[in-house]
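What follows is one structure encoded as structure tokens, with my remarks underneath.
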Amino acid sequence: MKLEDIARLSGVSRSTVSRVVNDDPNVSAQTRQRVLKVIEEHNFAPNLAARSLVTQRTRMLGIYIPYLVGNLFSDPYFPTFIQATTARANEQDYDVMLWLKGNADSMDHLRRRVLDNRMADGLVLASTPRHDGLIQLLLERGKTFILNGRPWEHEDSINYVDTSNVRGAQQAIEHLARLGRRRIATITGRIDLNSGYDRMIGYRRGLEDMGFKLDPRLEVEGDFTEVSGYLGMRKLLPERPDAVFVASDHMAIGTLRALREAGLTVPDDIAIVGFDDMPFATLANPQLTTVRQPVQRLGYLAAEGLIGLLEHTITAPYQVSLPTQLVIRESCGFPA
């Protein structure tokens, strides 16, 4: 069934049907009701591409995550974020498309696919590395987007949702120091990601605030994967730390494995604090003390903010930083 058929059955012009389909306010309530009744009776569904030519909108959001599919879904952070973003978008009658890096993709090719695609009204950029050029290209083209994570540049003008990563890491170090730990090491996340960089800064500030000197031998860079947590802990073992702040729960699982292999006990020999509070943190042995960040809330607010910007109900810049919470479990012991 075409617009002309709806118009004939409704007794109105084709242009009036088009205005009803596209929610034009310049249609009387009586006419709108008559047209909608015919549409419902005949299960009419307007073609998305045709409608977008009229409205210049697709009601589609894009999520850009520049990681390989295998890496993405091995860590529950991104599935949790994607699920929350999609759920909020669907509540607002938006659909979501996902851009990931294929095995054969170069980063330039992935960015080009995103830029040349006209289906998405706006974009959510998740965990974008420091030198990813997509942000600058989007700014130059005037595209509407929001970052999951504080931007490296243009912080006063770019839309973003983030967690208080610096403060969360400081809380972890303060807790370990109060427990009497004196050689507190860290396995950082990727330093070219703001989450990894900020948690490293929080670690250093926490040590300084507690009166400790920084020791570069106690810092090892990871990449948020379980393997990097395992390898990072093995590098730290010769330095004999009595505590380790690990910048993600996923890496902390690898850290625990390395310590078991070395015959060390957690928390008696070495205390561990992670970051994220993923569901598996309570399944670890011992249960993982960690800094909780509200991942679902981040995804929800990313979609809500982007839609508000697109529909002009929110004024740019839209910027949110959510607090963290230290969740104390078995892996670092409890204060006396």
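Some observations on this one:
- Odd one out for Asp223, checked against (1) surrounded by fewer than 18 Cβ atoms within 10 Å (Cβ to Cβ); (2) touching a Gly at 6+ places or on another chain (Cβ under 8 Å); (3) assigned to a loop (DSSP other than H, G, I, E, B): (1)
Matching residues to (1) under 20 Å from Pro76 (Cα atoms); (2) in the same structural domain as Ile82 (by TED's automatic domain parsing); (3) in contact (Cβ under 8 Å) with a residue 60 or more places away in the chain; (4) buried (at least 21 other Cβ atoms within 10 Å of the Cβ):
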| position | (1), (2), (3), (4) |
| --- | --- |
| Val246 | yes, no, yes, yes |
| Leu256 | yes, no, yes, yes |
| Glu261 | no, no, no, no |
| Thr265 | no, no, no, no |
| Ala271 | no, no, yes, yes |
| Phe275 | yes, no, yes, yes |
| Met278 | yes, no, yes, yes |
| Pro286 | yes, no, no, no |
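- Residues within the range 308-325 that are crowded, with 17+ Cβ neighbours inside 10 Å and in contact with a Gly (Cβ under 8 Å, 6 or more places away or on another chain), tallied: 4
- Being within 22 Å of Glu304 (Cα to Cα), modelled with pLDDT of 80 or more, among the hydrophobic types (A, V, I, L, M, F, W, C) and surrounded by fewer than 19 Cβ atoms within 10 Å (Cβ to Cβ) holds for only one residue in Met97, Met119, and it is Met97.
- Taken residue by residue, the range 173-188 has at least one member that is closer than 21 Å to Phe78 by Cα and either touching an Asp or Glu at 6+ places or on another chain (Cβ under 6 Å) or assigned by TED's automatic domain parsing to the domain that holds Ile253 (or both).
- Answer residue from the range 20-29, given it is under 16 Å from Thr58 (Cα atoms) and surrounded by fewer than 19 Cβ atoms within 10 Å (Cβ to Cβ) and is modelled with the highest pLDDT among those: Asp24
- Some residue of the range 193-215 being hydrophobic (A, V, I, L, M, F, W, C), in contact with a Ser or Thr (Cβ under 7 Å, 6 or more places away or on another chain) and free of Cβ contacts under 8 Å to residues at least 60 places away in the same chain: yes
- The criterion of at least 1 residues that are more than 30 Å from Leu123 (Cβ to Cβ) is met by the following strands (runs of 3 or more DSSP E) wholly inside the range 139-200: 184-188.
- Residues that are β-branched (Val, Ile, Thr), part of a loop (DSSP other than H, G, I, E, B) and under 19 Å from Tyr67 (Cβ atoms) are absent from the range 239-262 altogether.
- Residues of the range 294-336 satisfying the condition of being assigned to a strand (DSSP E or B) and in contact with a Ser or Thr (Cβ under 8 Å, 6 or more places away or on another chain): Ser321, Leu322, Leu326, Val327
The values are calculated or read from the model by the stated rules, or taken from the named source; none is laboratory data. Not measured: the values here are computed from a predicted model. All Cβ positions, glycine included, derive from the backbone under ideal geometry; neighbour counts span all protein chains shown.
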